[in-house]
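One structure is given here, and the rest of the page talks about it.
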Amino acid sequence: MKDTTRHQGKRRQLVDIIVKKGITNPQVLQAIGKIPRHFFMDSSFEDHAYQDKAFPIGADQTISQPYTVAFQSELLKIKKGDQVLEIGTGSGYQTAVLCELGAKVYSIERQQELFKKTKLFLSKLGYRPKFLSFGDGYKGLPEYAPFDSIIVTAGAPFVPKPLLSQLKIGGRLVIPVGDDPQVMTLFVRVEATKFEKKEFGEFRFVPLLEDKN
């Protein structure tokens, strides 16, 4: 695994692209500019790594479009040391971005082969999430709740109640809701039983599946 000056140049171009699309958070841009996305993809697809596109990674999953990763990460408003729950570890690229932002990351993956592969791979790269779990993302991780924020990286037909209940007061849930395409939705827990909801346009994700273990 090599990260050459050519790769670094392509990453700078990618950062320019997502800046033009409206991403402004300097820490998020820095993370996208730093993380070698080509490491997270099959080497035969290396040329596609720095296009602003989603890409298949096996097990019917994709590595999200860099703009989407940046958009969701920006919406989370992560502060160093925040406890963040990620639903859908996938390739681990979004996990790495969250780690770069200084989050204590708890992540759930429901595909066994991806879970095993990504767990090994992240530690090889030096990323150490607090906890990686093989399981059903709809249930969240109540034993580690409450979280400062929760990010869902798959399209959810509805908003899972356990995820809302695992947010701190002031906590943020960023989730793509709907069938195809999904609407990127932000929920902020303002009181124990009160949530503010904002919608941010259409995105496309692979579906979030329930009870599939």
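Throughout, read-outs are computed from the coordinates displayed, never taken from laboratory work. Being a predicted model, the structure only gives us computed values, none of them experimental. Counting neighbours? That spans all protein chains shown, and the Cβs are built from the backbone with ideal geometry, glycine included.
Structure values in brief
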read-out	value
Gaussian network model of the chain, springs between alpha carbon atoms under 10 Å - residue of Ser149, Ser123, Ser64 with greatest fluctuation	Ser123
Beta bridges per DSSP with both ends in the range 114-213, % antiparallel, nearest 5	70 percent
Fraction of alpha-carbon pairs over 16 Å apart in the range 7-65 - percent	42 percent
Three-way shape call for the range 67-213 based on the alpha-carbon gyration tensor, with the a/c threshold at 1.5	rounded
Helix runs (DSSP H) in the chain reaching 18 Å along axis by Cα, Kyte-Doolittle at least -1.0	5-20, 112-125
At 1.567 mPa s and 4 °C, Stokes diffusion of the range 1-147 via Kirkwood alpha-carbon radius, µm² per second	84 µm²/s
Among the listed pairs Lys20/Lys80; Lys139/Lys197; Lys80/Lys139; Lys20/Lys77; Lys139/Lys161, those beyond 18 Å (Cα-Cα)	Lys20/Lys80; Lys139/Lys197; Lys80/Lys139; Lys20/Lys77
Helix-only [θ]222 nm of the chain, DSSP H runs n ≥ 4, -39500 (n - 2.57) each, per residue, nearest 500	-9000 deg cm²/dmol
The range 82-158: proportion of alpha-carbon pairs further apart than 18 angstrom, %	31 percent
Given charges at Cβ of Lys, Arg, Asp, Glu: the range 64-213 dipole, positive-most of Ala103, Pro176, Val188	Ala103
Contact order normalised by residue count of the chain, Cα under 8 Å, 6+ apart, percent	15 percent
Volume per residue of the C-alpha convex hull in the range 146-190, rounded to whole Å³	55 Å³
Candidates Asp148, Asp180, Asp136, ranked by Gaussian network fluctuation over the chain, Cα under 10 Å, top entry	Asp180
For the range 52-119: rounded, prolate or oblate by the Cα gyration tensor [a/c cutoff 1.5]	oblate
